[in-house]
Amino acid sequence: MAEGTKYHISITVNTAYLAEQSDPASDRYVFAYTISIANTGTVAAQLISRHWVITDAENITQEVKGLGVVGEQPLLQPGESFEYTSGTAMATPVGTMHGSYQMVAEDGIKFEAEIPKFTLSMPRVLH
């Protein structure tokens, strides 16, 4: 079996603008994102830490690093998935996020699961 298929994590993202927590008059735009992490490889792997790069529309970037996600370090057997929702606030109505999860397979191999760039955007307000 090819090395690349032993350690493989698929990531999907859904985003939402949280109008009730946002305050555009104060340049505060709050977004939620729901991430599904699926082990599509053949070896169990544990999510150890995360690294996010959050960039707003003025190209101001903040990096966030930390252990686990939402206080957990899920161990995913092949075919298992883990879903969680978190959020971020930024000073512009549009921005992007991307990053990676640092994983450790049950055989001790460490690898990164890339989180593809996704857009956070306030929906158009209809009058």
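The values are calculated or read from the model by the stated rules, or taken from the named source; none is laboratory data. Model, not experiment: these values are computed from the prediction. When we count neighbours, we look across all protein chains shown, and the Cβ atoms used for this are built from the backbone with ideal geometry, even at glycine.
A few notes on this one:
- In this structure, residue 124 does not satisfy being charged (D, E, K, R), farther than 23 Å from residue 23 by Cβ and either at pLDDT below 95 or surrounded by 15 or more Cβ atoms within 10 Å (Cβ to Cβ) (or both).
- Only one of 34, 12, 40 that is closer than 20 Å to residue 106 by Cβ, surrounded by 12 or more Cβ atoms within 10 Å (Cβ to Cβ) and not aromatic (Phe, Trp, Tyr): 40
- Residue 112 outside any loop (DSSP other than H, G, I, E, B) and loosely packed, with under 13 Cβ neighbours inside 10 Å: no
- All positions within segment 23-44 that are part of a loop (DSSP other than H, G, I, E, B), of a type outside the set (Gly, Ala, Ser) and touching a Ser or Thr at 6+ places or on another chain (Cβ under 8 Å): 27, 40, 42
- Taking segment 70-104 as the range and being under 14 Å from the mean Cα position of the chain (by Cα), closer than 29 Å to residue 24 by Cβ and among the hydroxyl-bearing types (Ser, Thr, Tyr) as the test, the residues that pass are 84, 85, 86, 88, 96.
- Residues satisfying the criterion are absent from segment 77-90 (criterion: touching a His at 6+ places or on another chain (Cβ under 8 Å) and either free of Cβ contacts under 8 Å to residues at least 24 places away in the same chain or surrounded by 13 or more Cβ atoms within 10 Å (Cβ to Cβ) (or both)).
- If you go through segment 8-48 and pick out every residue that is under 14 Å from residue 103 (Cα atoms), of a type in the set (Val, Ile, Thr) and under 19 Å from the mean Cα position of the chain (by Cα), you end up with 5.
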